[in-house]
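The values are calculated or read from the model by the stated rules, or taken from the named source; none is laboratory data. Just so it is clear, the model here is predicted, and its values are computed rather than measured. Using ideal geometry, Cβ is built from the backbone for each residue, glycine included, and neighbour counts are taken over all protein chains shown. The protein model used for the area step is the full one, side chains on, heavy atoms only, and it has no ligands, DNA or RNA in it. Shrake-Rupley method; radii C 1.70, N 1.55, O 1.52, S 1.80 Å.
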Amino acid sequence: MKIVVCIKQVPATGADKRYTADLRLDRTGVEAIINPLDEYAIEQALRLADAGTADSVTYLCMGPDQASEALRRALAMGGDDAVLITDAALAGADEWTTAKVLAAALDKLAPDVALMGMASDDARGSLVPGAVAAMRDVPLLSYGSELALADGEARVRRLSATGFDWIAAPLPVVATVTDQVGEPRYASLKGIMAAKRKPLETWSLGDLELSADDLHGAALTTVTDTRAPEEKPPTERIENVPAPEAAAKIADWLEQRKLI
Amino acid sequence: MTYLPTAEHDELRAVVRELADEKIAPRAAEIDEKAEFPEDLRQLLAQQDLLGTCFEEQHGGTALDTLAQTILVEEIARADATTSLIPIVQKLGALPIILAGSDEQKDRYFPRLASGEWLIAFGLTEAAAGSDVASNRMRAVRDGDEYVLNGSKRFITHGSVANVLTVFAITDAEAGGRKGMSAFIVEADTPGFAAPRVEHKMGIRGSPTAELTFDDVRVPSTNRLGEEGDGFKIAMETLDRSRLGIAAQAVGIAQGAIDAAVAYAADRQQFGQRVADFQGIQWMLADMASQNEAARQLTYAAAARVDADAPDLPYWTSSAKLVAGDTAMRVTTDAVQVLGGYGYITEYPVERMMRDAKITQLYEGTQQIQRLIVARQLLQRAGVAKRGS
């Protein structure tokens, strides 16, 4: 069973987001990390490899040259090899372009499961997994808190309003997992040393038999504006007071707002 | 000889810092308060291959250079001094075997030490023999293929949690401590060995500092390190290298205090402005940081001398430990001052760091012993060393 984990390199979670004049994310001088939500996909894949269910784990990333650092970090956690898709024509790629390129790369890699995080920490579009599944015409098993593979099918456990559901589909599939998978492992020192010797290939659009023309200038969408969300007023907390006093304070609060 | 950290050193620092920030720092206050050995963190360090950095790959280690080992200790100590002693003492205890052990002894013990399955301790100090190592009294008497050890040790870091120890005992009483001491590998489950008591300490409270008793402890002669009488030399050559770990620990403790003081000063408002905006505080922070940077760079320079096996190695490692230990004490004391009353209470980490820093001026040779070593090296260089020293 072969798993390909798609990962994205994003600016560190706490970093200030800056944009270039054409409203692209300015990555210069900003610490870059593996998208934290993708680390759960890595952890899920490595657990399946540890259990012997997965025979190989490959990482796939589309990004600039420096994204190879994210792939090395992933390889340090475990797994076998990695592919970086990088091409000048991909600068400013949107979700559609990213999905198109990843789908072409996955056609070439032909995994049983293409595994992804539930969203990226920078854009949070959450569109790519569904688009990749549609383009490849394979089932999408999304938002799994666990992924199980057996008897030619994949199953994900997904939290629901009343409990959880198991959703199954025949392989191959695209699957996404949530942070309920379990804490991602830290890379061990030997893992870091071994990662330097693991195969990391770089592909261009030509390797995927795609051209810049196929991608409509890298994006179907145009960013017209960016702004920070409005700040919410701070949450009022009632703490370290006896329950009756806390209840009275809550009642007062509601009364002041004419809610009771 | 170069000692500038490479990209690999920077990567190691980033990896250890992430682990230390997320897993070790949040445990530090509890470890200190309960004075409990952090077995969970020992397992974590073992699992991350961070206890095998001084062992060769053939024994399951990662054979990092001394600068990398220094950075590892520094980054752990920045979060918690107690936990940094786990890799420090793993190396301290193993150094006598690294320096004087046979291939058979290395093959027998190093795989379990490199994996972190076993801990090792270094048994040299006695109640009446601290700085004056040569006045050790513990005896080892040859009996056929064995030695019989009798006596006691005190202030042995990890003495009560180690699975194996390197122990120093007098085999020739007439020759005295310098010529008549020998070194042995003693497994902790050997009958007659016990660690009846651990000390109540000011700092590094989670690291058990044990009293050890040896009551007719029989050790096979194949566990002797080097020849009979080599013990004093092995102990001194071990300390010439191991005290660099204490320098690294001191730099790390001081850095933890600097980072806490900067964060506090940037957040705390007094007289209508941030504490960090007062020039008096800025000068303190600048002195703390620049002095610790000097200690760090001296420690790295000494690390390069360890790998080069420099003939004047003691000059470098003793200077580094002396400067780094005194700097850590001064910097942590100033960090408490920056935090004011909050610095004096356990809600913030700097009072613990100040208590932890003190030990770096005491163990693996007091600061006074470091000065003796540095001075002796100076006089040797000048060709005016005292005879017999």
Plugging the Cβ-Cβ distance of A:Leu109 and A:Ala15 into 1/(1 + (r/R0)^6) at R0 = 25 Å yields, to the nearest 0.05, a FRET efficiency of 0.20
In segment A:176-190, what residues drop by 50 Å² or more of accessible area when the other protein chains are put back, versus the chain on its own? Use 1.4 Å, and skip ligands and nucleic acids. A:Tyr186, A:Leu189, A:Lys190
Counting protein heavy atoms only and a 1.4 angstrom probe, how many square angstrom of accessible surface do chains A and B bury in total, to the nearest 100? 1200 Å²
Give, as a single signed number, the net charge of other residues whose beta carbon lies under 13 Å from the beta carbon of B:Gly341, with Lys and Arg counted +1 and Asp and Glu -1. -1
Expressed per residue, the solvent accessible area of segment A:71-157 in Å² (1.4 Å probe) is about 37 Å²
Roll a 1.4 angstrom probe over the protein heavy atoms and tell me the percent of accessible area of segment A:2-215 that is carbon or sulfur. 47 percent
The extension gain from A:Glu245 to A:Leu25, computed as 0.36 nm times the residue separation minus the Cα-Cα distance, is 74.3 nm
Count charges around B:Thr62 for me, please; just the other residues with Cβ under 11 Å from its Cβ, Lys/Arg as +1, Asp/Glu as -1. -3
Go through B:Lys23/B:Lys91; B:Lys179/B:Lys386; A:Lys196/B:Lys34; B:Lys153/B:Lys233; A:Lys2/B:Lys106 and tell me which ones have a Cα-Cα distance over 30 Å in this structure. A:Lys196/B:Lys34; A:Lys2/B:Lys106
Give me the 1.4 Å probe accessible area per residue for segment B:7-114, excluding ligands and nucleic acids, in Å². 35 Å²
CD proxy, 222 nm, chain A: helix-only mean residue ellipticity via -39,500 (n - 2.57) per DSSP H run with n ≥ 4, per residue, nearest 500, stands at -8500 deg cm²/dmol
Working from Cα positions, state the angle (0 to 90°, nearest 10) between the long axis of helix A:243-256 and the longest principal axis of chain A. 90 degrees
Per the 1.4 Å probe, what fraction of the accessible area of segment B:233-381, in percent, lies on carbon and sulfur atoms? 57 percent
Straight distance only, please: which aspartates and glutamates reach the Cα of A:Lys258 with their own Cα at less than 19 Å, same-chain residues fewer than 8 apart left out? A:Glu236
In nanometres, the difference between 0.36 nm per residue of separation and the alpha-carbon distance of B:Gln297 and B:Glu30 is 93.0 nm
Neighbour cut-off at most 16 other Cβ (10 Å), DSSP loop, GluC sites (Glu not before Pro), segment B:75-162: B:Glu117
Measuring with a 1.4 Å probe in the full set of protein chains, what accessible area per residue, in whole Å², belongs to segment B:154-251? 37 Å²
How large a share of the accessible area of segment B:7-114, in percent, is made up of carbon and sulfur atoms when the probe is 1.4 Å and the other protein chains stay in place? 45 percent
Protection-proxy order for peptides A:8-17, B:245-254, each taking the mean of Cβ atoms within 10 Å per residue, highest first: B:245-254, A:8-17
Contour minus Cα-Cα span, A:Thr53 to A:Leu171, at 0.36 nm per residue, comes to 41.1 nm
Sorted by accessible area (1.4 Å probe), largest first, how do B:His200, A:His216 line up? B:His200, A:His216
